[in-house]
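As structure tokens, the structure follows; a few thoughts come after it.
The values are calculated or read from the model by the stated rules, or taken from the named source; none is laboratory data. Being a predicted model, the structure only gives us computed values, none of them experimental. Virtual Cβ from ideal backbone geometry, glycine too; neighbours counted across all protein chains shown.
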Amino acid sequence: LAGCLGSLAAEFFTYETTKSVVVKSWTIGVINRAVQLLIISYFIGWVFLHEKAYQVRDTFIESSVVTKVKGFGKYTNRVMDTADYVTPPQVILIHVGTGGRVEGLGMGLVVLIGGGFTGILTGRCVNYNRSLRTCEIQGWCPAEVDTVQAPIMLEAENFTLFIKNSIRFPLFDFEKGNLLPNLTAQDIRTCRFHPVTQPFCPILRLGDIVRFAGQDFSKLASTGGILGIKIGWVCDLDRSWEHCVPSYTFTRLDSVSEKNNVSPGYNFRYAKYYRRENGTEYRTLMKAFGIRFDVLVYGNAGKFNIIPTLINTVAAFTSVGVVSATVSPPPPPSPLHAPQEPG
């Protein structure tokens with residue numbers, strides 16, 4: 001046992017080195033240096049400069065978004081402002097209303113002709129006319145009529161959307177907002193976002209948002225839809241504070257429903273309740289078609305750190321060394337016996 005342990009210890013503490021052979025060959029030398037140059041260029045150009053592997057990155061972004069819509073429009077001979085057409089976070093462009101609806105009992109003929117219900121079935125069968133009986137329902141009467149073709153509030157194309165976004169990268173305790181210091185009060189009142197001429201203006205025209213998302217405003221307003229406003233914060237904190245700025249992109253999030261004939265677009269229902277002098281409660285049911293805006297904030301920040309720098313530097317030198325060992329030819333075999341002198 002002692003001998004076995006001694007052999008293991010001797011084997012464990014043995015140090016080996018590779019034998020170096022100098023080969024004077026233009027072909028092997030050119031291949032070796034070319035591959036080494038390729039690896040060094042990859043690490044310098046891609047790993048360090050493009051991917052910034054010398055930085056530690058914070059991908060957890062804390063964000064808050066506040067929006068405000070402004071504009072006046074005319075709809076069915078009524079002047080409408082923000083309080084009339086904004087139901088956060090969507091802008092209503094079409095109303096289909098069914099007024100004077102009172103809760104009570106009615107005849108559910110819709111059971112026979114449409115297969116749906118406009119209330120709760122009472123379980124009783126009542127006369128609809130002399131030859132037809134139908135199920136009785138309890139609900140709001142009369143039944144909703146949502147097949148009316150309503151006009152579009154075209155002035156909405158010139159409405160403006162103000163976005164105030166604040167972000168924070170907790171790893172570096174870095175905070176910033178999309179209202180940059182060079183924006184004045186006059187700029188806020190007059191500027192309009194444009195990806196080339198006004199890329200940092202926080203006020204966006206609704207028609208421009210729809211156009212930047214690749215949509216037609218009239219078509220989108222007639223069926224409704226959901227648009228995404230993406231705000232990206234990709235910051236290099238090794239540079240000055242002013243270089244961390246937002247970027248805006250736009251897309252339609254419900255593009256699948258756009259191609260669906262069963263339920264295209266985006267709409268929802270809401271009711272306005274009233275009470276008559278005799279105490280009877282009634283309501284006006286509204287089916288609204290609108291454009292919903294979802295503001296999506298993403299980003300990451302990087303800053304120099306010695307640990308990833310050392311790790312990637314060692315990886316670069318190791319890769320160069322491995323290539324040198326791979327390209328070099330094996331050493332010639334040593335003779336087993338020394339040649340004998342001729343007798």
### Message
I need the full set of residues from segment 297-310 which are closer than 30 Å to Gln36 by Cβ and touching a residue at least 24 places away in the same chain (Cβ under 8 Å), in order please.
### Response
Gly302, Phe304, Asn305, Ile307, Pro308, Thr309
### Task
Kindly indicate whether any position in segment 66-82 is at pLDDT 80 or above, under 46 Å from the mean Cα position of the chain (by Cα), under 30 Å from Pro170 (Cβ atoms) and not polar (S, T, N, Q).
yes
### Task
Could you tell me whether Ile226 is closer than 21 Å to Glu157 by Cα, touching a Phe, Trp or Tyr at 6+ places or on another chain (Cβ under 7 Å) and not in a strand (DSSP E or B)?
no
### Query
Are any residues in segment 241-270 in a loop (DSSP other than H, G, I, E, B) and within 17 Å of Gln215 (Cα to Cα), and if so, which ones?
Leu253, Asp254, Lys259, Asn260, Pro264, Gly265, Tyr266
#### Entry: Within segment 27-52, considering residues that are of a type in the set (Ser, Thr, Tyr) and loosely packed, with under 13 Cβ neighbours inside 10 Å, the one farthest from Thr318 (Cα to Cα)
Thr27
### Query
Do we find a residue being surrounded by 13 or more Cβ atoms within 10 Å (Cβ to Cβ), modelled with pLDDT of 80 or more, assigned by TED's automatic domain parsing to the domain that holds Lys219 and over 30 Å from His243 (Cα atoms) anywhere in segment 158-173?
yes
#### Entry: Residue in segment 257-295 that is modelled with the highest pLDDT, counting only those that are among the β-branched types (Val, Ile, Thr) and in contact with a strand residue (DSSP E or B) (Cβ under 7 Å, 6 or more places away or on another chain)
Val295
### Query
Looking at segment 288-307, which of its residues are within 17 Å of Gly177 (Cβ to Cβ) and crowded, with 22+ Cβ neighbours inside 10 Å?
Ala301
### Query
Any residue in segment 216-223 that is at pLDDT below 95 and either in a strand (DSSP E or B) or over 23 Å from Glu155 (Cα atoms) (or both)?
no
### Query
Do we find a residue being of a type in the set (Ser, Thr, Tyr), surrounded by 18 or more Cβ atoms within 10 Å (Cβ to Cβ), assigned by TED's automatic domain parsing to the domain that holds Phe174 and under 25 Å from Lys164 (Cα atoms) anywhere in segment 249-260?
no
### Task
Determine whether segment 231-239 contains at least one residue that is in a helix (DSSP H, G or I) and exposed (fewer than 14 other Cβ atoms within 10 Å of the Cβ).
no
### Query
Quick one: in segment 9-26, which of the residues that are surrounded by 10 or more Cβ atoms within 10 Å (Cβ to Cβ) and at pLDDT 75 or above is farthest from Val322 (Cα to Cα)?
Ala9
